[in-house]
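Here is the structure we will look at.
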Amino acid sequence: MNMVLENDELQDLYRELILDHARKPRNFRRLDDATHTAEGINPLCGDKLRLYLLIDANDTVVDAGFEGSGCAISMASASLLTETVTNISVADAEACFNTVTQRLTLGSSGDQAPHKIDLSKLRALDGVRQYPSRVKCATLAWHALHAAINSQSTATTE
C-alpha cells in the first residue's frame, strides 16, 4: 500500500512538472544566431515547432530554443529538451535523443545517455507511454533535435 502511495505521489509530481513546463516553457524563443534548425510536425494532432541550436566549433550545443504551438505534452517536452541539451556535446545530445525516444516508444530504460547528464526530469514524460496516441507529442521535439543535428530541415512523427 505504501509503495502505491509513493508511486501516486511521484506521478503527481511528474504531472506538475509537465504542466509547469507547458505553462511556462523554458527557452521559448527564436535564436537568430542558430547554426542548426529543424521544424517538427505532428500532422495527427497539429503540433508544430521549430527547434534552434547554436553549436560551436567544439561541437557543443551552446544554446537551444524553440517556437511553435501544440499540446501541453509537446510544449513541455520541447522545454525539457532545451534545458537538457544546452551545454553538452552534440554526441551527448544525440545519445539523449536515443535514450528518450527508446524510453517512450519501447518502454526500455534506454540508458545510452552519458551518466554525467541528468535525465531525471525527463522521467516525467515516461507516463505518456500509457497513452500511445500521445507518444508522438512527447517525441516530436526530440525528432526535431535529431534532424537539426543531422542537417535535416524537417522531422515528422508520421
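The figures follow:
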read-out: Number of the exception - Thr84 against (1) farther than 20 Å from Asn42 by Cα; (2) crowded, with 22+ Cβ neighbours inside 10 Å; (3) in contact with a Lys or Arg (Cβ under 9 Å, 6 or more places away or on another chain); (4) in contact (Cβ under 8 Å) with a residue 40 or more places away in the chain; value: (4)
read-out: Condition met for Ala78 (farther than 24 Å from Arg15 by Cβ and surrounded by 19 or more Cβ atoms within 10 Å (Cβ to Cβ)); value: no
read-out: Residues of the range 53-108 satisfying the condition of being over 14 Å from the mean Cα position of the chain (by Cα), hydroxyl-bearing (Ser, Thr, Tyr) and at pLDDT 95 or above; value: Thr60, Ser69, Ser89
read-out: Unmet requirement for Gly65, which otherwise passes all of (1) in contact with a Leu (Cβ under 7 Å, 6 or more places away or on another chain); (2) surrounded by fewer than 15 Cβ atoms within 10 Å (Cβ to Cβ); value: (2)
read-out: Matching residues, the range 140-158, being modelled with pLDDT under 95 and either within 19 Å of Met75 (Cβ to Cβ) or among the β-branched types (Val, Ile, Thr) (or both); value: Thr154, Ala155, Thr156, Thr157
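The values are calculated or read from the model by the stated rules, or taken from the named source; none is laboratory data. These figures come from a predicted structure and were not determined experimentally. A quick note on method: Cβ atoms are made from the backbone with ideal geometry, for glycine too, and the neighbour counts reach across all protein chains shown.
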